[in-house]
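Take a look at the structure set out below.
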Amino acid sequence: MTGLGVVFRPQLPPERLRAVAREADAAGLEELWLWEDCFLEGGVSTAAAALAWTERVRVGIGLLPVPLRNVAVTAMEAASLERMFPGRPMLTLGHGVQDWMGQVGARAASPLGLLGEHLDAMRALLRGERLTVRGRYVQLDDVALDWPPQHPVDILAGGTGPRTLRLSGEKADGTLLTAATSVDGVRRARKLVEEGRRSAGRGGSHRVVVYLLAATGAGAETRLRTELAAEGLASADVGVAGDAGAVAGAVRRLAEAGADTVVLQPTADEPDPEGFVRFAAQEVRPLVP
């Protein structure tokens, strides 16, 4: 079955999260995703709150920019969330938007190298390993978590470029793709991820999650076109506007191209975030196998 989720966009004030998270839980939505975009809302703080306010919905952070974070602290936070809410948190690491990283003095000379070192260290710490690392970016001296997760935790990597997608295949447990990814883009991403997995000799499965910009209800087509134009994607074959059938059709096309989970991303001016959650869970979900 194709997974289905919805994004709580940080263009909404953080005090709106409680109502949306509770609606997601009540409506039977599978996944609620959050962003740590500069300079809007913190990913870990909002995820912890959403998990505490709900009982069953899985909560993803897509994504945590690693230039802003010490890997040991991120591993501590990930382990704490997993132990408090087993099986429900989902974390994604990425190298972040470089202009934003420059604004806070955290821009790395090699974003790819930084992300690779973080992924290696993060996954090892969450496995309960004790690490001493002398990398270019990650420096650890006899570090281990006192409270590692009791069960394996998958860490996703977010990316768009070929080198980052191959790196995700080599070092991450899954890949997160942006809403600027077309059906053909999902196919290319899956191919690049698999190239990375083969080069690293990795077996098992690798989850691909993709955002889908979606609008429904009054003015849906206009809201979608306006946002795509603002993002420079007016000519891209991405996004969907319409009723549940139209949105489900777009979800199915992404799934057929290789996505395991599709996360509906409302427009930034979505007039009814709680209603959008109900729409996804109660109208779109039954139409997606």
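Take every pair of alpha-carbon atoms less than 8 Å apart whose residues are at least six positions apart; their mean separation over the length of the stretch 3-287 yields a relative contact order of 19 percent. Couplings for the stretch 147-157, taken from phi via the Karplus curve 6.51 cos²θ - 1.76 cosθ + 1.60 with θ = phi - 60°, read 10, x, x, 7, 9, x, 10, 7, 10, 8, 10 Hz in order; Gly and Pro are left as x.
Using a simple charge model, +1 on the beta-carbon of Lys and Arg, -1 on the beta-carbon of Asp and Glu, nothing else, what dipole does the chain show about its Cα centre, in debye to the nearest 20? Intermediate values should be presented prior to the final figure.
Working: 32 positive and 36 negative charges, 172 e Å.
In debye, rounded to 20, the chain gives about 820.
For the pair Ser199 and Ala144, label points projected 7 Å from Cα toward Cβ lie 3.3 nm apart.
Picking from Gly174, Leu17, Ala49, whose Cα lies most toward the positive end of the charge dipole for the chain (charges on Cβ: Lys, Arg +1; Asp, Glu -1)? Value computed over the given set: Gly174. The alpha carbon centroids of the stretch 1-74 and the stretch 118-151 are separated by 24 Å.
When only alpha carbons are used to place a centre, the stretch 163-191 and the stretch 201-227 end up 14 Å from one another.
Relative contact order for the stretch 185-289: what is it in percent, counting Cα pairs under 8 Å that are at least 6 residues apart? Spell out each step's value before the answer.
Values: 112 pairs, mean separation 36.4, N = 105.
Relative contact order for the stretch 185-289 comes out at 35 percent.
Placing a label point 7 Å from the Cα of Ala218 along the Cα-to-Cβ line, the residues of the stretch 264-289 whose backbone N sits under 19 Å from it are 267-279.
Over the residues of the chain, the helix contribution to mean residue ellipticity at 222 nm works out to -12500 deg cm²/dmol, using -39500 (n - 2.57) for each DSSP H run of at least 4. Were the residues from Ala246 through Arg16 laid out at 0.36 nm apart, the gain over their Cα-Cα distance would be 80.0 nm. Which of (1) 41.3; (2) 16.1; (3) 14.2 is the computed mean projected area of the Cα convex hull in nm² for the structure on display? It is the value labelled (3). For Lys171, Lys191, the sequence from fewest to most other C-beta atoms within 10 Å is Lys191, Lys171. Structure remark: mean-square fluctuation, Gaussian network model of the chain, C-alpha springs under 10 Å; the largest value among His118, His151, His95 belongs to His151. Exposure proxy for Ser80, Ser235, Ser45: other Cβ atoms within 10 Å of each Cβ, ordered fewest to most, give Ser235, Ser45, Ser80.
Name the residue, out of Ala48, Ala124, Ala229, whose mean-square fluctuation peaks in a Gaussian network model built on the chain with Cα pairs under 10 Å. Fluctuation is largest for Ala229.
Taking R0 as 30 Å, what FRET efficiency do you get between Glu283 and Ser235 from their Cβ-Cβ distance, rounded to the nearest 0.05? Kindly include the intermediate steps, with their values, before the conclusion.
On the way: r = 29 Å, r/R0 = 0.97.
E(calc), rounded to 0.05, equals 0.55.
Under the combined filter of DSSP loop state and at most 12 neighbouring Cβ atoms within 10 Å, the stretch 1-65 retains these GluC sites (Glu not before Pro): Glu55.
Values quoted throughout were computed directly from the atomic coordinates according to the rules given, and no laboratory measurement underlies them. As the structure is a computational prediction, the values presented were derived from the model and not from experiment. Glycine also receives a Cβ, built like all others from the backbone with ideal geometry; neighbour counts cover every protein chain displayed.
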